[in-house]
1. How many of the residues in region 280-305 are open to solvent by less than 30 Å² (accessible area, probe 1.4 Å) and assigned to a loop (DSSP other than H, G, I, E, B)?
2. With respect to SER311, determine if the residue is free of Cβ contacts under 8 Å to residues at least 60 places away in the same chain and surrounded by 15 or more Cβ atoms within 10 Å (Cβ to Cβ).
3. Just to be sure I understand, how many residues within region 171-182 are open to solvent by 60 Å² or more (accessible area, probe 1.4 Å) and either outside any loop (DSSP other than H, G, I, E, B) or at pLDDT below 95 (or both)?
4. Do you know which residues across region 313-338 are over 16 Å from VAL164 (Cα atoms), in a loop (DSSP other than H, G, I, E, B) and under 29 Å from the mean Cα position of the chain (by Cα)?
5. Residue under question is VAL163, and the condition is that it be at pLDDT below 95, among the aliphatic types (A, V, I, L, M) and not in a helix (DSSP H, G or I); does it hold?
6. Hey, ARG426 hits all of (1) surrounded by 11 or more Cβ atoms within 10 Å (Cβ to Cβ); (2) under 21 Å from the mean Cα position of the chain (by Cα); (3) modelled with pLDDT under 80; (4) part of a loop (DSSP other than H, G, I, E, B) but one; which does it fall short on?
7. What residue, among those in region 121-154 that are outside any loop (DSSP other than H, G, I, E, B), in contact (Cβ under 8 Å) with a residue 40 or more places away in the chain and open to solvent by less than 20 Å² (accessible area, probe 1.4 Å), is nearest to LYS100 (Cα to Cα)?
8. Checking ALA346 against (1) among the hydrophobic types (A, V, I, L, M, F, W, C); (2) part of a strand (DSSP E or B); (3) over 24 Å from the mean Cα position of the chain (by Cα): exactly one of these is not met. Which one?
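The values are calculated or read from the model by the stated rules, or taken from the named source; none is laboratory data. Bear in mind that the values here come from a model prediction, so they are computed numbers and not experimental data. Positions of Cβ are backbone-derived with ideal geometry, glycine not excepted, and every protein chain shown enters the neighbour counts. The accessibility values were calculated without ligands, DNA or RNA, using every heavy atom of the protein model including side chains. Shrake-Rupley method; radii C 1.70, N 1.55, O 1.52, S 1.80 Å.
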Amino acid sequence: MTDSSPSLRGPGSPGDPAPGAPASRCAPSPRLRKDRSRERRPGTDQAEGGPQAPSSQPLTPPAAAASASLPRHPTQEVLDQAGRRGPFHYGDRVQVTDSKGRQHTFVLDPRGYFQSVRGSFHHREVVGLEEGSVIVTATGHELLLLRPLLADYVLSMPRGAQVVYAKDAAQVVALGDIFPGARVLEAGVGSGALTMSLLRAVGPQGHVLSVERREDFAAIAASNVDSWFGGHHPAWELRTGDFADVVAAHVTPATADRVVLDMLAPWENTEAVATALVPGGVLVTYVATVTQLSRTVEALRHSGLFTEPVSWESMVRTWNVDGLAVRPDHRMVAHTGFLVSARRLAAGNRPLTRKRPPARGAYDEGGYWVAQDIGERTSTDKKVRRVLRDARARQPLDATPVQPGAAGDDDVHGAEPPSRHCLSSRPVPDPHGAGA
């Protein structure tokens, strides 16, 4: 799935075809190109998915270029999908699906133009149509128009870090028992995919405190989450820094109902998690490799602060159903990661004694994983800068601030000075009148 959101490049910017350059195979006819050039003015946006027409107009004025990094989308009055009902209108995110299942996502713009190998159309031709409409292009191909679901958006949004896919996010929400009004502490925001599922589950009366080690990843996540909800979610607080430092500075002990960890070494934060969780609170950890799984389970088990950890993975296989021809598809979403869950014991209690002895050789001298066994693959700085630029361009005016994590950190994006507080439900009215 590709994301074909409107480009932020004005005519003449890097990446535009030079005047007189040969048209690509997907370029429209000269007549269409001429018509489009008459109605586009310098600095206007065009949906990706097709080349921009050559233009001899001057570059974007300095004032417009300076504002290119500012949020461009207004805040929704009602957050999330509840504010996107009815016919398509400008500013809506649209997912186009062709007869072969190829999908493209873009935002409707008054001067936008969508183009693919299956045909093209102006964005204005879509405005006013009902969701679920099927249009026929000039080339005779059918295109289905829908608003993307959260699972679709996760696959098409800008990402700096790998995302948690729908099959794992659903398990975290369901088996982690994330309930409306819950106080959730999340570590490892990445690109914000799991955060959106958590915010939907807790609702506006809950509280999700997300911690991200890298400031650039936190900014990308803030842009993605705000873009999906249409504004800042009232239940979300985002901070940067080390997880243990943020817990010590900003979380009152025994106030978090749930803790969700998606990090390289979750076993290093066992004590911090135990401090934050209420007795009986649930910890859910997402890890990618067997080495991480082993160390996480053993750390929880030997801490004596949690119940016996439960670990599992999920695999999803779709089926082809065509009359009597019913068979599983040749491709499936297999391993993406492991999930580990455990519950916090009351103070002064020890876990139940294990009746089943461990396997022979499970705990010999060479049976423990060390830090060197686990590597971390990160995105290049160049890719992160590009993703951050694209993500901020989609962010609504009501943007989520990225706040410093620990006392003494520099202020980030105009955040308020850090203060220690309780992870508590906040029964305040939603300023946007919407839930998660």
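1. 1
2. Numbers: free of Cβ contacts under 8 Å to residues at least 60 places away in the same chain: yes; surrounded by 15 or more Cβ atoms within 10 Å (Cβ to Cβ): yes.
Yes: the conditions hold for SER311.
3. Step one: filter region 171-182 for residues open to solvent by 60 Å² or more (accessible area, probe 1.4 Å), giving 174-175, 177, 179-180.
Those still in the list that are either outside any loop (DSSP other than H, G, I, E, B) or at pLDDT below 95 (or both) too: 174-175.
Total meeting the criteria: 2.
4. Just the residues of region 313-338 that are over 16 Å from VAL164 (Cα atoms), to begin with: 317-332.
Subsequent filtering for residues that are in a loop (DSSP other than H, G, I, E, B) retains 317-318, 323-324, 329-332.
Selection gives ARG317, THR318, ASP329, HIS330, ARG331, MET332.
5. Values: at pLDDT below 95: yes; among the aliphatic types (A, V, I, L, M): yes; not in a helix (DSSP H, G or I): yes.
So VAL163 passes the test.
6. (2)
7. Looking at residues that are outside any loop (DSSP other than H, G, I, E, B), in contact (Cβ under 8 Å) with a residue 40 or more places away in the chain and open to solvent by less than 20 Å² (accessible area, probe 1.4 Å), I get LEU143.
8. Tallying (1) among the hydrophobic types (A, V, I, L, M, F, W, C); (2) part of a strand (DSSP E or B); (3) over 24 Å from the mean Cα position of the chain (by Cα), ALA346 fails exactly one: (2).
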